[in-house]
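Report on the following structure.
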Amino acid sequence: MRIVNIIAYVLVIVGAINWGLFGFFGLNLVSSVFSGARTAGSVIVYTLIALAAIWLIISPLITRGDLWLSHREAD
């Protein structure tokens, strides 16, 4: 579960940077990399970012409030 949380955070950070670049400079980095906003690559990246955000919302509910990012010691 720790790896999934780390990947989710990285994807959400990528999405936030993309929105920041778009807001400040009008540059959509994902669209630029994949040559268009509706190409298969862009849609996959946008979908993964959305799923990562949803995971970070529901993950604490599944784990009783814990969001694991490091190795947990046995209690």
In this structure, does Ile49 turn out to be in a helix (DSSP H, G or I), in contact with a Gly (Cβ under 9 Å, 6 or more places away or on another chain) and surrounded by 12 or more Cβ atoms within 10 Å (Cβ to Cβ)?
yes
How many residues does the range 1-44 hold that are surrounded by 15 or more Cβ atoms within 10 Å (Cβ to Cβ), of a type in the set (Phe, Trp, Tyr) and under 21 Å from Trp55 (Cα atoms)?
1
Identify the residue in the range 56-72 that is open to solvent by less than 60 Å² (accessible area, probe 1.4 Å) and outside any loop (DSSP other than H, G, I, E, B) and, among all such residues, is modelled with the lowest pLDDT.
Pro60
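The values are calculated or read from the model by the stated rules, or taken from the named source; none is laboratory data. Bear in mind the structure is a predicted one, so any value in this text is a computation, not a measurement. Don't worry about glycine lacking a Cβ; one is built from the backbone with ideal geometry, like all the others, and counts go over all protein chains shown. We work out accessible area using only protein heavy atoms, side chains counted, and drop any ligands, DNA or RNA first. Shrake-Rupley method; radii C 1.70, N 1.55, O 1.52, S 1.80 Å.
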